[in-house]
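In what follows, a single structure is set out as structure tokens and then discussed.
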Amino acid sequence: MSDAIVLIANGDLRLSANQKCWPAQERVEAAVMDAIRKAGREVQRGHAFDPVKQHGFIDGQKYGMEVFRKISRTAPLIVVEAVWQYSHHLLHGLYSHQGPILTVANWSGEWPGLVGMLNLNGSLTKAGVRYDTLWSVDFTDEFFLGGLKRWLNGEPLAHDTSHVHALQDFKLPPSAEAAALEISETLQRDKAILGIFDEGCMGMYNAIIPDELLHPTGVYKERLSQSALYAEMLRTTDLEAQAVRSWLNDNGVRFMTGPDPETDLTDDQILQQCKMYIAALRIADDFGCDAIGIQYQQGLKDLAPASDLAEGLLNNSERPPVFSRDRRELYPKRPLPHFNEVDECAGLDALLTNRIWTRLGFDAETTLHDVRYGEDYNGEFVWVFEISGAAPPKHFIGGYAGVVSERQPSMYFRLGGGTVKGISKPGEIVWSRVFVDNGKLKMDLGRAAVRELPREETERRWQITTRQWPIMHAVTYGITRDQMMARHKANHIQVAYAPGADAANEALAVKAAAFRNLGLEVSICGSNNGLI
């Protein structure tokens with residue numbers, strides 16, 4: 001290929017997802033290429049549509065390497081994402097690419113292109129690869145066209161990140177410093193274990209913390225196998241699993257079941273998910289894990305229903321009791337923090353959040369969400385934070401009575417399984433993200449409010465994203481849509497409630513100081529945090 005602008009599109013590993021999402025990707029690519037040509041530049045695709053697979057995505061690392069062998073290393077390169085993508089499919093080529101790199105996503109909730117691009121951006125940031133990034137609703141707005149023009153002219157894109165402030169610029173309350181010191185010193189003295197069920201899920205390079213960066217915090221990995229989790233599920237009896245299901249029924253969970261396992265959530269799928277919940281707790285206890293992460297999609301999806309029901313229960317303090325083989329109740333009356341998709345950055349965050357919130361006397365439930373989408377509503381920008389079902393019922397309006405479990409989409413999960421779907425309750429939260437930036441472990445954190453929108457607006461947002469998944473309507477204080485997109489180095493965001501604005505500000509201060517004490521470079525983002 002010549003040094004003309006080259007466009008590539010990374011996709012999923014699963015054929016069904018790539019085929020289902022291809023029409024949306026095709027429309028976005030056409031709009032981006034049209035904008036480039038109107039700017040007077042030549043653009044060509046770096047790989048062809050596959051008539052056998054019926055999509056035009058890079059769908060594996062092997063194929064990605066084949067594609068990059070045909071692309072000039074100095075060509076201006078644009079990665080366009082309208083879907084979820086596995087970053088390892090093309091990270092190898094971006095590592096060694098010498099020309100300018102631009103990542104682009106469509107501002108749409110239909111398929112998680114924004115989530116995919118944020119994952120890729122976080123992976124490139126961790127790798128120390130220079131890139132620029134843009135996003136747009138329809139690729140005709142001045143923000144996109146102006147940014148594209150500058151990039152085509154060889155100018156770096158500098159987005160507004162004035163909402164980001166170094167923690168060292170603030171004086172924290174003495175009470176927060178004292179609590180943080182107690183928590184961080186205890187962790188570094190006594191140590192803690194993250195149970196990792198198969199590292200590197202879904203190509204999320206940004207979600208892997210190198211051991212040499214993690215160990216100084218006092219946290220270590222127990223690398224576990226999903227095959228062991230499945231084997232433990234096989235040893236779990238139907239009677240034990242049915243006891244979990246009955247507890248959920250008694251506490252108001254509604255399972256939307258049907259007769260066809262290919263398209264419906266079935267009772268057998270739920271029973272298998274209950275066995276996974278029991279098995280996860282027993283393995284965590286065996287290895288002394290303080291938090292665990294199940295891979296969620298690849299591997300287990302060919303053997304068992306989705307892990308979401310188990311994940312949501314693990315993150316809740318009130319949940320079906322599970323006993324060890326010697327009849328000890330496991331992790332009684334408290335969450336066993338679970339980090340979805342084995343996102344170790346979220347795992348470290350969840351572990352410390354659990355301890356800080358417990359120390360402060362707050363509800364310790366925490367979860368990650370995808371930064372999925374967002375729109376203006378009644379004069380403010382309201383994010384759609386949405387995850388596949390791992391959110392704790394304590395976060396929902398109505399608690400367990402607000403949970404509806406629906407079958408995971410078959411394009412992702414052939415064997416089904418139910419989600420933990422609910423609407424997050426209004427309140428004050430602290431949000432955060434641990435990330436790796438060019439060899440350093442860092443954290444951003446800030447404050448937000450969870451809004452309760454009219455039911456019809458919630459339903460509309462579910463319909464344009466993924467209706468089976470739990471949803472949080474969040475307003476980030478002092479941070480615009482574009483500022484968040486410019487700064488956030490991950491597809492995930494960690495959230496935890498506090499019992500009011502003052503309590504949330506206190507929790508933020510303790511959390512910031514604790515992570516600073518553990519050696520992270522901490523930044524406070526936005527406003528309404530008691531510091532700015």
Legend entry - Those lysines that a straight Cα-Cα span of less than 21 Å connects to residue 70, excepting residues fewer than 8 apart in one chain: 53, 62
Inset, instruction - Using DSSP, restrict attention to beta bridges with both residues in the chain and report what percent are antiparallel, rounded to the nearest 5. - result: 55 percent
Legend entry - Separation in nanometres of the label points that stand 7 Å from Cα toward Cβ, at residue 41 and residue 143: 2.0 nm
Legend entry - For residue 528, residues with placed amide H under 5 Å, excluding near neighbours: none
Inset, instruction - With a ≥ b ≥ c taken as the square roots of the eigenvalues of the C-alpha gyration tensor of region 297-366, please select rounded if a/c is under 1.5 and otherwise prolate if a/b is larger than b/c or oblate if it is not? - result: oblate
Legend entry - Sequence-distant lysines (8 or more away, or on other chains) whose Cα lies within less than 29 Å of residue 191: 126, 171, 221, 333, 394, 440, 442, 489, 511
Inset, instruction - Could you please rank 58, 193, placing first whichever residue has the fewest other Cβ atoms within 10 Å of its Cβ? - result: 193, 58
Inset, instruction - Within region 349-372, which residues have the backbone N less than 15 Å from the label spot 7 Å out from residue 318 along Cα→beta-carbon, could you tell me? - result: 363-365
Inset, instruction - Based on the mean of other Cβ atoms within 10 Å per residue, sort peptides 87-93, 47-53 so the most packed one is first. - result: 87-93, 47-53
Legend entry - DSSP-defined antiparallel bridges as percent of all bridges, region 5-152, nearest 5: 5 percent
Legend entry - Stretchable slack from residue 287 to residue 438, in nm (0.36 nm times residue separation minus alpha-carbon distance): 51.2 nm
Legend entry - Label-to-label distance, nm, for residues given as residue 410 and residue 239 (7 Å Cα→Cβ offset): 3.6 nm
Legend entry - For peptides 23-29, 453-459, sequence by mean Cβ density within 10 Å, most packed first: 23-29, 453-459
Legend entry - For region 192-204, Karplus couplings with θ = phi - 60° (6.51, -1.76, 1.60), whole Hz, Gly/Pro x: 8, 10, 9, x, 10, 7, 6, 6, x, 5, 6, x, 7
Inset, instruction - Return the calculated 222 nm mean residue ellipticity for the chain, to the nearest 500 deg cm²/dmol, obtained by summing -39500 (n - 2.57) across DSSP H runs with n ≥ 4 and dividing by the residue count. - result: -11000 deg cm²/dmol
Inset, instruction - Using only Cα atoms, find the angle between the long axis of helix 226-235 and the longest principal axis of the chain, and express it within 0 to 90 degrees, rounded to the nearest 10. - result: 30 degrees
Inset, instruction - Lys and Arg at +1, Asp and Glu at -1: add these up for the other residues within a Cβ distance under 14 Å of residue 269 and post the number. - result: -3
Legend entry - residue 376 versus residue 455: modelled label distance in nm, points set 7 Å from Cα along the beta carbon direction: 2.8 nm
Inset, instruction - Mind jotting down the distance between the C-alpha centroids of region 202-252 and region 147-181, whole Å? - result: 34 Å
Inset, instruction - Treating each Cα of region 38-123 as an identical point scatterer and ignoring solvent, apply the Debye formula and state log10 I(q)/I(0) at q = 0.25 Å⁻¹. - result: -1.46
Legend entry - Along principal axes, Cα extents of region 376-532, largest first, whole Å: 43, 35, 29
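Quick note: the coordinates plus some simple rules give every number you see, no bench work behind them. Keep in mind it's a predicted model, so treat the numbers as computed, not measured. Glycine also receives a Cβ, built like all others from the backbone with ideal geometry; neighbour counts cover every protein chain displayed.
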